Amino acid sequence: CKNATCGDGLLLASFEECDDGDADPADGCFGCIIPRTCLNLLTKADELGVPLPTDFYEIDLDGTDAIHQPMIVKCDMDTPPGGWTVVERSP
C-alpha cells in the first residue's frame, strides 16, 4: 500500500478534487483541484512554484457539479496581480 499523492492518477475523494496524473494546467485538473477561475488556477500555480503564462485554460465554474460545463477561457496571468479572465477583447 502507498499513501495517495497528488499526481499519481488515483482519486482519493477526501483528499483531492481530481487527479489526472499529469501537470498540464490547461486540461481542467491542476494540482489536484478543479480550477473555477483564472485566479484560482494562478493561486494554485503559485503554491506549487509553477509559472503560468497568459494562455487558454479550462475552468469549471462549479467544480464537479453538472450545472455548468467546463469551458476554455483565456486567462491573463501577466497584468498585475494576475488571474484575470478575458471576457471580451476590443481592437
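For residues in the stretch 32-44 being farther than 19 Å from residue 9 by Cα and not in a loop (DSSP other than H, G, I, E, B), which is most open to solvent (accessible area, probe 1.4 Å)?
By that ranking, first place goes to 39.
Output the number of residues of the stretch 45-91 satisfying the condition of being without any contact (Cβ under 8 Å) to a residue 40 or more places away in the chain, touching a helix residue (DSSP H, G or I) at 6+ places or on another chain (Cβ under 8 Å) and either open to solvent by less than 90 Å² (accessible area, probe 1.4 Å) or of a type in the set (Val, Ile, Thr) (or both).
Total meeting the criteria: 7.
I'm trying to understand the selection: among the residues of the stretch 45-91, which are at pLDDT 85 or above, β-branched (Val, Ile, Thr) and out of contact with any Pro (no Cβ under 8 Å at 6 or more places or on another chain)?
54, 72, 73, 79, 85
Testing residue 3 on (1) in a loop (DSSP other than H, G, I, E, B); (2) open to solvent by 70 Å² or more (accessible area, probe 1.4 Å); (3) within 21 Å of residue 87 (Cβ to Cβ), one condition comes back false. Which one is that?
Exception for residue 3: condition (3).
How many of the residues making up the stretch 6-44 are within 21 Å of residue 86 (Cβ to Cβ) and either in contact (Cβ under 8 Å) with a residue 60 or more places away in the chain or out of contact with any Lys or Arg (no Cβ under 8 Å at 6 or more places or on another chain) (or both)?
Total meeting the criteria: 15.
The values are calculated or read from the model by the stated rules, or taken from the named source; none is laboratory data. Quick caveat, the model's predicted, so the values are computed rather than measured. Using ideal geometry, Cβ is built from the backbone for each residue, glycine included, and neighbour counts are taken over all protein chains shown. The protein model used for the area step is the full one, side chains on, heavy atoms only, and it has no ligands, DNA or RNA in it. Shrake-Rupley method; radii C 1.70, N 1.55, O 1.52, S 1.80 Å.
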